Amino acid sequence: MSLTSFCQSISSSPYSLYGVGSLYDSDFGSIPSIGTSGIALPSANFINNLNPASLGFMPLNHFMLDVGGKAIATTYESGSKSEKRNNFQFSHFAFAFPVTKKSGFSIALRPYSSASYKISNLQLPIADSNESYYLTAGGSGGLNNFDFSYGYRFSEKLSVGASAALLFGNVVDDRTFTILNSITNIHKKTDYNGFRATVGGQYKIDSTFTIGTTFKLPAQIKSSKVQSVETVTDNVYGAIESNIPSDVDDYYMPLEVGIGISKKFKKALNITFDYQKSLWKDSRQSDLYGEFVNQDRFALGFSYLDEKKNFRKYRDRIQYFAGANFDTGYLEVDGKRVNNASVSIGINLPIESTLSSLNISYSYGQKGRVANDLIKENYHKLSLNLSLDGIWFVKRKFD
């Protein structure tokens, strides 16, 4: 598929044309600052939604609330033009609390995908013919992720967890096909709903070294579609269908296996590394303009906080982050992978003398490429996450 002419919507990517749209990365706490790594990090001072087993290490009586948003400035480049868009969007809302001294529970709401695009005057060949037609397409919507997670710590070293995610939402797709003097308009609204399960584990080898693993199980998300079709030929209007339910393929989510490590050095520097394999090729997904392929994702993160310093000084309680991320992408268009790479930095600012904090992160990344008339995205992302940590049900010792 050659995207030779495009006009990008404010909130997503031209590649959100595929499937249910572009998928969101995790943005909880400091995760966006460390390259979205953290499968092996416990939920000791923030809600880690990358691994439900992290909830087993929640401190007793600590109730956590995490809410965030992000601003994205993107430049889209093709072989002949470029375009800039700015976007501000909600990132997530999550609440977590300990159930017992060895277990924790969380509820989270966040976007799963976003389909928002507009492509104009795309010239495509007609099969078995020397003729061509023009396509104009626009879409909006996406899926939401509402999940419940529980983690249980069997010992001081081992914790396991599970989560159940309800995925729901709809995607609206409008396409206009122009062939000679004939125009066909197709309006589709597809609704999705279904459940997906995730299981995970974390094991502390010692006080400085932790390994973690996650398994996101395959899932079939049910789909239903309502479609309207209109034609205009030689200025003669005709309605072929009007809000008629029609068959549509369900959305299949793949098996995703992840493994991560977390290592602390000299009570100051912590390094995290994650690898994730997503078997999209086995999910039976299909698309008219591209193919779904297996995805490899690598994430590396660094955090610095010198625990030997005097924490009575505010500047000694500030934590610093850096990270990098690369994934091969799950789409192949015109035989080319739509990969993604980014680097990030961040800072954690404590709120007065409490355990709450404000996480600020900046990342720069590139998605896709300028090749065979494809589109390359250069984006700058600023994330703001407020992590509130309150101690409840503890009797006052001082008035």
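The values are calculated or read from the model by the stated rules, or taken from the named source; none is laboratory data. Source: prediction; values computed, not measured. Because the Cβ atoms are built from the backbone with ideal geometry, glycine has one as well, and the counts that use them run over all protein chains shown. Note: areas computed on protein heavy atoms with side chains; ligands, DNA, RNA excluded. Shrake-Rupley method; radii C 1.70, N 1.55, O 1.52, S 1.80 Å.
Scoring 184-193, 42-51 by mean Cβ neighbours within 10 Å over their residues and listing the highest first yields 42-51, 184-193. Count Lys and Arg as plus one, Asp and Glu as minus one, and take only other residues whose Cβ is under 13 Å from that of Asp174; the net charge is then +2. Considering only Ser103, Ser149, Ser224, the Gaussian network model of the chain with Cα springs below 10 Å gives its largest mean-square fluctuation to Ser224.
A DSSP coil position with no more than 14 other Cβ atoms inside 10 Å describes the following trypsin sites (Lys or Arg not before Pro) in the range 306-354: Lys308, Lys309, Arg312, Lys313.
Loop-located GluC sites (Glu not before Pro) across the range 297-373 with a Cβ neighbour count of 13 or fewer within 10 Å are Glu307, Glu352, with loop assigned by DSSP. Ligands, DNA and RNA left out, the 1.4 Å accessible surface of the chain is 58% carbon and sulfur atoms. Available extension along the chain between Ser207 and Ile345 is 47.1 nm, counting 0.36 nm per residue and deducting the alpha carbon span. A 1.4 Å probe run over the chain, with the rest of the protein chains in place, finds 49 Å² accessible per residue. Between Lys309 and Asp191, the contour length at 0.36 nm per residue exceeds the Cα-Cα span by 37.1 nm. Compared with the direct C-alpha span, the chain from Leu255 to Lys101 gains 52.2 nm at full extension, assuming 0.36 nm per residue. Computed from label points 7 Å out along Cα-Cβ, the spacing between Tyr134 and Lys157 is 6.8 nm.
I'd like the distance separating the alpha-carbon centroids of the range 310-384 and the range 161-222, in whole Å. Measuring centre to centre over Cα atoms gives 21 Å. Classify the chain as rounded, prolate or oblate, taking a ≥ b ≥ c as the square roots of the eigenvalues of its Cα gyration tensor: rounded when a/c is under 1.5, otherwise prolate if a/b is larger than b/c and oblate if not. Because a/c hits 1.5 or more and a/b exceeds b/c, the chain counts as prolate. Spin-label model, Ala73 to Leu388: label points 7 Å out along the Cα-to-beta-carbon direction sit 3.1 nm apart. Considering the chain as a Gaussian network with a 10 Å cut-off on Cα pairs, which listed residue, Val338, Val248, Val236, attains the greatest mean-square fluctuation? For the chain, modelled as a Gaussian network with Cα springs under 10 Å, the answer is Val236. Which parts of the range 338-367 would a label at Leu65 reach, counting a residue when its backbone N lies under 13 Å from a point 7 Å out along Cα-to-Cβ? Output list for this probe position: 356-357. Summing charges over all other residues whose Cβ lies under 12 Å from the Cβ of Leu41, with Lys and Arg as +1 and Asp and Glu as -1, gives +2. The modelled label-to-label distance for the pair Phe146/Leu180, using points 7 Å beyond Cα in the direction of Cβ, is 5.1 nm. Net charge in the neighbourhood of Ser54 (other residues with Cβ under 12 Å of its Cβ; Lys, Arg +1, Asp, Glu -1) is +2. Between the alpha-carbon centers of the range 93-140 and the range 236-309, tell me the distance in whole angstrom. One Cα centre to the other: 12 Å. Considering only Ser182, Ser363, Ser129, the mean-square fluctuation computed in a Gaussian network model of the chain, springs between alpha carbons under 10 angstrom, is largest for Ser129.
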